Amino acid sequence: MNGVHLASCDIHEMKVLERRKVYFKDFVKVLSHFRPINKNKPHPWNSREAKLRFAFTMYDLNKSGTITKDEFQDILEMMIGANVPKEQVNSIADRTMREADRDGDGYITFQEFCNAMEKTDIEQKMSFRFLT
Ligand SMILES: [Ca+2]
């Protein structure tokens, strides 16, 4: 066992995790615009779906009914492009597409989009997912 080596690995992992959390927070910040204004109605599933639908049509730039990696990349560019180098934006787009595109056909359907958004509700879980 090499203790020093393990320790430096851990620090590296934590730094990577921190960075990813920042991206994730930017992502959530954008999504938070769709939060319900009326707090007397907890968990309004229908309006949540409406918000997801709205978000989906925003990502679906050419209104084809699916989101492609190019479209997602363009959106990311708009969201975080000012703060993040292009190749990192690309790799985030890659990773997110791999996550969201369940059947691997290169398109994210509304259903796949909803599934991906479901996961982003739990930030903690998300962080652990990235580590594995
Ligand atoms: Ca797909």
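Every number in this text was worked out from the coordinates using simple rules, so none of it is lab data. Source: prediction; values computed, not measured. As a convention, Cβ positions derive from the backbone with ideal geometry for all residues, glycine included, and neighbour counts pool all protein chains shown.
Scanning the range 75-119 for residues that are touching a Lys or Arg at 6+ places or on another chain (Cβ under 8 Å) and among the basic types (K, R) gives a single hit, K119. If the condition is being polar (S, T, N, Q) and within 15 Å of the ligand (Cβ to nearest atom), then the range 79-122 contributes T96, T109, Q111, N115. Applying a threshold of 6 Å to beta carbon distances and a minimum spacing of six or more residues, or different chains, the list of pairs starting in the range 93-117 at a residue that is under 11 Å from Y59 (Cβ atoms) and ending at one that is of a type in the set (G, A, S) and near the ligand (Cβ under 9 Å from one of its atoms) reads I108/A100; A116/A100.
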